[in-house]
Amino acid sequence: MRAMVLERPGTPLVLRERAVPDPKPGEVLLSVSACGVCRTDLHVVDGELTRPTLPVVPGHEIVGRVLAVGAGVEGFHLGQRIGVPWLGATCGTCPYCRDGRENLCDAPQFTGYTRDGGYATHTVADSRFCVPLPDGMDDAAIAPLLCAGLIGWRSYRMAGEGRVLGLYGFGAAAHILAQIAVQQGRRVYAFTRRGDVASQDFARQLGAAWAGAAEERPPEPLDAAIVFAPVGALVPAALAAVRKGGRVVCAGIHMSDIPSFPYALLWEERQIRSVANLTREDARAFFAAVPGLTLWTEVTRYRLEDANRALDDLRAGRLQGAAVLGCG
Ligand SMILES: [Zn+2]
Ligand SMILES: [Zn+2]
């Protein structure tokens, strides 16, 4: 098998030949057909997430087919198309796991961070955390749903039932979530870097009622805002745009420092919260909802060997939607 491996943060991934692993008890071996490139991968490669298990194969938006199953695996059959998300395993015994909040597990494993991920031709995964994928979207198109889609979905649920939703940063997650929110009858306002006309046009094409710069005020107060861009200054900007009692949800795993801001921005029961990881229930509920939605993903495809170029393009904001590896 071939894999793009991070050996040291801050250095490019290197192509390595490895033996195909045998699945251990509870694991599945997959041939990887597509793996999305998530912003979190950038944070891993660039060393902003400081506890990788090195060397590590990044990638946690894995679409693959089951080649072999380890002892005790239930519910998956050979050849089945399944997905592997960011939450790779949990301890099952800590207070968070026992309380149904396994996304906050005290001893979790994360795909492509503390265990090998999908920037490879093959990978093994803990079958309990894999998710069967619905038909109707090809491998590359469905890959971004495994993190951008899922984290967007969890953030969306945390944003509450308000009808007016702001999305700060219009990348892979927002371009999926905008479609869901519009189809569920919400008005979506998209905020991008000032002057990023291409992203603003892209947002309007996907149903946003308005798109503008992050510093601008939307045409009406927001019921909730979700901050996808890893820019702390967007938190007070979003607070200033939400109505009384409104929420600001921070969806990213890493963000630059949030600047201090006047208490008046938080006053009147506005809330700030973060969203961390996902649960298996999130994945189940999201992929159960997907067939009832009309979702389209804008995907830029890269060969596995071009993973560094895909990361560079994402870092530089040179692509709309999502980058996906391994699809020719
Ligand atoms: Zn736990
Ligand atoms: Zn991700």
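Points to keep in mind about this one:
- Note on residue 31 and residue 16: their simple-model spin labels are 2.3 nm apart, each label 7 Å out from Cα toward Cβ.
- Rg ratio (alpha-carbon, reference 2.2 N^0.38 Å) - the stretch 193-328: 1.21
- Debye log10 I(q)/I(0) at q = 0.07, 0.08, 0.11, 0.15 Å⁻¹ for the chain, Cα point scatterers: -0.27, -0.35, -0.67, -1.23
- Shape descriptor for the stretch 96-190: Rg over Rh equals 1.01 (Cα atoms; Rh from the Kirkwood inverse mean 1/r).
- Here is the list for the stretch 4-81: trypsin sites (Lys or Arg not before Pro) lying in DSSP coil, each with at most 14 other C-beta atoms within 10 angstrom of its C-beta, are 18.
- The C-alpha atoms of the chain define a longest principal axis, and helix 148-158 lies at about 50 degrees to it.
- At most 10 other Cβ within 10 Å, DSSP loop - GluC sites (Glu not before Pro), the stretch 249-305: 269
- Debye log10 I(q)/I(0) for the stretch 157-269, one point scatterer per Cα, at q = 0.12 Å⁻¹: -0.35
- Cβ-based net charge around residue 284, under 15 Å, with every Lys or Arg adding one and every Asp or Glu removing one: +1
- Largest-first principal axis extents of the Cα set of the stretch 1-155 (Å): 39, 37, 30
- Each helix, a run of at least 4 DSSP H residues, gives -39500 (n - 2.57); summed and divided by the residues of the chain, these come to -6000 deg cm²/dmol at 222 nm.
- Degrees between helix 280-289 axis and first principal axis of the chain (Cα, 0 to 90, nearest 10): 70
- Of the peptides 53-64, 85-96, the ranking by mean beta-carbon count within 10 Å, highest at the top, reads 53-64, 85-96.
- Residue-count net charge about residue 220 - beta-carbon cut-off 13 Å; Lys, Arg +1, Asp, Glu -1: +3
- Loop sites in the stretch 175-280: trypsin sites (Lys or Arg not before Pro), DSSP, at most 12 other Cβ within 10 Å: 194
- Extended-chain gain in nm, criterion 0.36 nm per residue less alpha-carbon gap, residue 273 and residue 298: 6.2 nm
- Net charge dipole, the chain: roughly 340 debye, given to the nearest 20, about the Cα centre with Cβ charges of +1 for Lys and Arg and -1 for Asp and Glu.
- For the stretch 31-95 and the stretch 146-176, distance of Cα centres in Å: 22
- Here the stretch 283-327 yields Rg over Rh of 1.12, to two decimals, using C-alpha coordinates and the Kirkwood radius.
- Full-extension gain in nm, residue 257 to residue 184, via 0.36 nm per residue minus C-alpha separation: 23.0 nm
- Over the stretch 1-92, the ratio between the Cα radius of gyration and 2.2 N^0.38 Å evaluates to 1.16.
- Entry note: the stretch 236-307 has Rg to Rh equal to 1.12, where both radii use alpha-carbon atoms and Rh is the Kirkwood radius.
- Positive-pole candidate from 153, 239, 276, dipole of the chain, charges at beta carbon: 239
- The residues 124, 197, 324, when put in order of fewest to most other Cβ atoms within 10 Å, stand as 197, 124, 324.
No value in this document is a laboratory result; all are computed from the given coordinates. Source: prediction; values computed, not measured. As a convention, Cβ positions derive from the backbone with ideal geometry for all residues, glycine included, and neighbour counts pool all protein chains shown.
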